[in-house]
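K.L.:
Take a look at the following structure, please.
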Amino acid sequence: MRNNDRTTINLNRWVKGIIDSGKVTPTNPLLDTKPALRAVFGVHSAYAFNPALGLVANVEGGYAESASRSNSAGVAISSTAALSTNRDHVIGIPL
């Protein structure tokens, strides 16, 4: 679990503020920094079918607050899988 800050750049609002007031003011910042809670968990695994072929798989999920306060927090899930080969026994070079 992490409680980090997220910094965003709002160039459009900043330029409009300069045009409206004629100067840069503390109430019209270029950068916005907001706290954002993030909790992530995951499962990572690997399986070797034989010495030359294997499978690597990952599943991660978590909860995170949006960088924009107008949006609600959400849940995200991601998964990946990859085949892995070891050609060392065939060509004598580990690739």
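K.L.:
Give the stretch 45-59 a look and list any residue that's modelled with pLDDT under 95 and among the polar types (S, T, N, Q), or say none.
P.N.:
Answer for the stretch 45-59, where residues must be modelled with pLDDT under 95 and among the polar types (S, T, N, Q): just ASN50.
K.L.:
Looking at the stretch 71-95, which of the residues that are modelled with pLDDT of 85 or more and polar (S, T, N, Q) is nearest to LEU37 (Cα to Cα)?
P.N.:
SER78
K.L.:
What's the total number of residues in the stretch 18-41 that are of a type outside the set (Asp, Glu), closer than 21 Å to ARG6 by Cβ and either under 19 Å from the mean Cα position of the chain (by Cα) or surrounded by 13 or more Cβ atoms within 10 Å (Cβ to Cβ) (or both)?
P.N.:
Number satisfying all stated conditions: 12.
K.L.:
Follow-up. Go through the stretch 42-59 and count every residue that is surrounded by 13 or more Cβ atoms within 10 Å (Cβ to Cβ) and under 30 Å from the mean Cα position of the chain (by Cα).
P.N.:
The number of residues fulfilling the criteria is 6.
K.L.:
Within the stretch 1-16, can you find the residues that are surrounded by 10 or more Cβ atoms within 10 Å (Cβ to Cβ), in contact (Cβ under 8 Å) with a residue 12 or more places away in the chain and farther than 21 Å from GLY62 by Cα?
P.N.:
Hits for the stretch 1-16 are THR8, ILE9, ASN10, ARG13, TRP14.
K.L.:
For the stretch 1-23, how many residues are under 26 Å from PHE41 (Cα atoms) and among the acidic types (Asp, Glu)?
P.N.:
Counting residues in the stretch 1-23 that are under 26 Å from PHE41 (Cα atoms) and among the acidic types (Asp, Glu) gives 1.
K.L.:
Turning to a different aspect of this structure: Considering only the stretch 60-70, I want to know if a residue exists there that is loosely packed, with under 12 Cβ neighbours inside 10 Å, out of contact with any Lys or Arg (no Cβ under 8 Å at 6 or more places or on another chain) and either hydrophobic (A, V, I, L, M, F, W, C) or at pLDDT 90 or above (or both).
P.N.:
Among the residues of the stretch 60-70, not one is loosely packed, with under 12 Cβ neighbours inside 10 Å, out of contact with any Lys or Arg (no Cβ under 8 Å at 6 or more places or on another chain) and either hydrophobic (A, V, I, L, M, F, W, C) or at pLDDT 90 or above (or both), which makes the answer no.
The values are calculated or read from the model by the stated rules, or taken from the named source; none is laboratory data. Computed from a prediction, not measured in an experiment: that's the story for all the values here. So basically every Cβ, Gly included, is an ideal-geometry build from the backbone, and we count neighbours across all protein chains shown.
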